[in-house]
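Rule-based calculations on the coordinates, nothing more; no lab input. Everything numeric here is computed off the predicted structure, so don't read it as measured data. Positions of Cβ are generated from backbone atoms using ideal geometry, with glycine treated the same way; all protein chains shown enter the neighbour counts.
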Amino acid sequence: MADAKVLPFDDDRSRSGAGRRRVAQPGTSGAAPVSALPGAQVPESREAGPQAPQEPPEGSGRGTWDRRLAGGLAFLRRRVTGEYDVDEFGYDEELTDQVLMSLLRPLAEKYFRVEVKGIENIPSDGGALVVANHSGTLPLDGLMLQVAVHDHHPAERHLRLLAADLVFMLPVVNELARKAGHTLACAEDAERLLERGEVVGVMPEGFKGLGKPFGDRYKLQRFGRGGFVSTALRAGAPIVPCSIVGAEEIYPMIGNSRTLARILGFPYFPLTPTFPWLGPLGAVPLPTKWTIQFGEPIPTDGYPPEAAEDPMLMFNLTDQVREQIQHTLYKLLVQRRSVFF
């Protein structure tokens, strides 16, 4: 974005004679100008000529706000005229960086106070598959994971999350998810993203992890049939296990209304100590303290191409990833002082 050059206002009032003084000469009743004295230097008058305007100093409040205003106007112009790019999946990088991340960042930094560890385990370039646990009744953990990768990685990498079919069936949510870089959780889309060198995020527990009872918190559910391992093997991308602590307690799920879930077409309908009893207020998450830790990557580029079809290898690698995430969860829980601090 081009910085706006704002010219400071200048006082153009004439100061004729303001820069001169007169001294008395011996034997005279008048006074001679200083310029008449030998060696005297006369201050330069403002009337000598126009001065070059100066920009506000870098980092000054005025200059910062001017640049933000210019950037915002340029952003709106591109939105109105359609001069912005989206990829084949509908991902809008500019909208994500400037709007969506700006909205999610205060939630991550101020509300959940997310602490990120091991971000260096995500490579600076090339494809990588981040595999994380899933919890919290609503999928806020995926959004916080996306902010953590973008804001804490030295290369400011973007996480492309694989989402369930339900996400793309909901109005408004569908469009926002596409704009934010999410795509359908299928092997074909994931493999194409990895081959393009993207960081892809997957949560294999799915709704089983997201909607599990509060009593089963931090106990990993089944990781499916290991499809994410097969995808990583085909693309030769490393698998980065990720453990998230703090999301389990934002909506303590103490019950599940299966009847309402069936009517609404949801996999579950959560009952928490505040929802639905307090109405919209009950949907406000509890301000728990989060920790997101990325573990040591598991390389896959050393396996032959046919390894993606080996069910025993997929089972072993899936179990290895799951055990590493579970072990890290237990370790982080032991280190945690409090749910909220």
Cross-link reach from LYS289 to lysines, straight Cα distance under 25 Å and at least 8 residues apart if same chain, gives LYS110, LYS117, LYS208, LYS212, LYS219, LYS331
Interchain or long-range residues, amide H under 5 Å from GLY181's placed H:
ASP92
Spelling it out for TYR218: with amide H atoms placed in the peptide plane at 1.01 Å from N, the residues 5 or more places away or on another chain with amide H under 5 Å from its amide H are none
Check HIS158: other-chain or 5+ apart residues with amide H under 5 Å from its amide H, H built from backbone geometry?
VAL199
Whole-Hz Karplus couplings 3J(HN,Hα) for the stretch 276-290, θ = phi - 60° and coefficients 6.51, -1.76, 1.60, Gly and Pro as x, run x, 4, 9, x, x, 5, x, 8, 6, x, 6, x, 6, 8, 9
To the nearest 0.05, the calculated FRET efficiency linking ARG337 and ALA261 through their beta-carbon distance, R0 being 41 Å, is 0.70
Show me 246-253, 114-121 ranked by packing, highest mean number of other Cβ atoms within 10 Å first.
246-253, 114-121
Applied in sequence order to the stretch 133-150, the curve 6.51 cos²θ - 1.76 cosθ + 1.60 (Karplus, θ = phi - 60°) yields integer Hz couplings, x standing for Gly and Pro, of 6, 10, 6, x, 6, 10, x, 5, 5, x, 5, 5, 5, 5, 5, 4, 5, 5
Residue-wise HN-Hα coupling along the stretch 75-84, computed from phi with Karplus coefficients 6.51, -1.76, 1.60 (Hz; x: Gly, Pro)
4, 5, 4, 5, 5, 5, 8, x, 8, 9
Net length gained if the chain between ARG68 and ASP87 were fully extended (0.36 nm per residue, minus Cα distance):
4.2 nm
